[in-house]
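Okay, structure first, notes after.
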Amino acid sequence: MEAQNYQRRGYLKEPFRLFHLRDIGVEEMEYHYHEFHKAVFFLAGSAGYLIEGRSYFLQPGDVLLVGRHLIHKPVIDPSRPYERVVLYLDPDLLDGAMEGEESLGLCFRLARQRHFALMRPSGEDRQALTELVGRLEDALAERGEFGGELLARSCLFQLLIRLGRMALRDTTDQREGVSRSDPKISQALDYINGNLAADLSVDTLAALCYTSKYHFMRRFRALTGYSVHQYVSEKRLLAAAGLLRQGASAQEAGLRCGFQDYSAFQRAFKRQFGVTPRQVRGGSALPV
């Protein structure tokens, strides 16, 4: 089996975390994914992002919405200071915060549905986001004072509501020059993620895209950074882990995610996550 060139990164032991980072000489990062949602507010520098086969070209003020389990990496010019605010968010916090209404994770859901992670706000929206992020930073600095935790959550929820409203009317994906992708590879990625239990061999996917097997394999790796086999295996395992957390049996999770042989599924799961499927179903967290 080929060595995997992506991994889980970051950690989140609380409902959310905020980082304001500014550095220079950033080393190249490998493809990776998170067990949580991530919003990146890009402030300065020369940077891009590769997310699920699509390249994004960032400008100051841009917002990137990187949903849970999306494989991605930043591409940074190390000669220029790179400044951003990064927000880590537990999906359970967002889904449970507005009972009976739309989840506070609306912006991430719409980004996933559109297969487009970038928003480029301007005018009033950009100013509002700057102010809301600043308020959240200030509130987190006062977390130890009376009502500090409640104030921080209030500021967070206001920020997420604003992002959700922006996402509902956002048209960044219709602008030229903000991103690039290969339609055939995008079609293959969409099919893989929507049909994890199906035959996802290279031959099947190449035929779906009306291209030769070897051209498809080369193009897939060039645009995503990993082989077709690696990508399919990773997505199946991540989806199975999600089903296990929802209460599915280990056998059911494996079958629904394309693993016909349970013992092979169990071995792959343990190799990837360091715990067995039954341990995750029993409540064990996936190690970071």
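Across region 245-269, what is the number of residues that are assigned to a helix (DSSP H, G or I) and at pLDDT below 90?
Filtering region 245-269 down to residues assigned to a helix (DSSP H, G or I) leaves 245, 250-256, 262-269.
Filter once more, so that each one left must be at pLDDT below 90: 245.
Total satisfying the criteria: 1.
Give region 207-232 a look and list any residue that's touching a Gly at 6+ places or on another chain (Cβ under 9 Å) and polar (S, T, N, Q), or say none.
Result: THR224, single match.
Given SER233, SER284, which one is more than 24 Å from TYR49 (Cβ to Cβ) and either at pLDDT below 90 or out of contact with any Asp or Glu (no Cβ under 8 Å at 6 or more places or on another chain) (or both)? Show your work before the answer.
Working: SER233 fails: more than 24 Å from TYR49 (Cβ to Cβ).
After applying the criteria, what remains is SER284.
List every residue pair whose Cβ atoms lie under 8 Å apart, where the two residues are 6 or more positions apart in sequence or sit on different chains, the first residue falls within region 242-268 and is surrounded by fewer than 18 Cβ atoms within 10 Å (Cβ to Cβ), and the second residue, located anywhere, is aromatic (Phe, Trp, Tyr) and at pLDDT 90 or above.
Going by the 8 Å Cβ cut-off, the qualifying pairs are GLN251/TYR262.
Any idea which of ASP77, ASP92 is under 21 Å from GLU35 (Cα atoms) and acidic (Asp, Glu)?
Values: ASP77 fails: under 21 Å from GLU35 (Cα atoms).
Answer to the check: ASP92.
For residues that are touching a His at 6+ places or on another chain (Cβ under 9 Å) and of a type outside the set (A, V, I, L, M, F, W, C), scanning just region 172-199, find the one that is farthest from ALA47 (Cα to Cα). It would help to see each step written out before you state the result.
From region 172-199, those touching a His at 6+ places or on another chain (Cβ under 9 Å) are 173, 181, 186, 189-190; that's our starting set.
This time we only want the ones that are of a type outside the set (A, V, I, L, M, F, W, C), so: 173, 181, 186, 190.
On the way: ASP173: 18, SER181: 17, SER186: 22, ASP190: 26 Å.
Ranking the qualifying residues of region 172-199, first place goes to ASP190.
The values are calculated or read from the model by the stated rules, or taken from the named source; none is laboratory data. Note that the structure is a prediction, hence the values are computed from the model and not measured. Quick reminder, even Gly has a Cβ in these numbers, built from the backbone with ideal geometry, and neighbours come from all protein chains shown.
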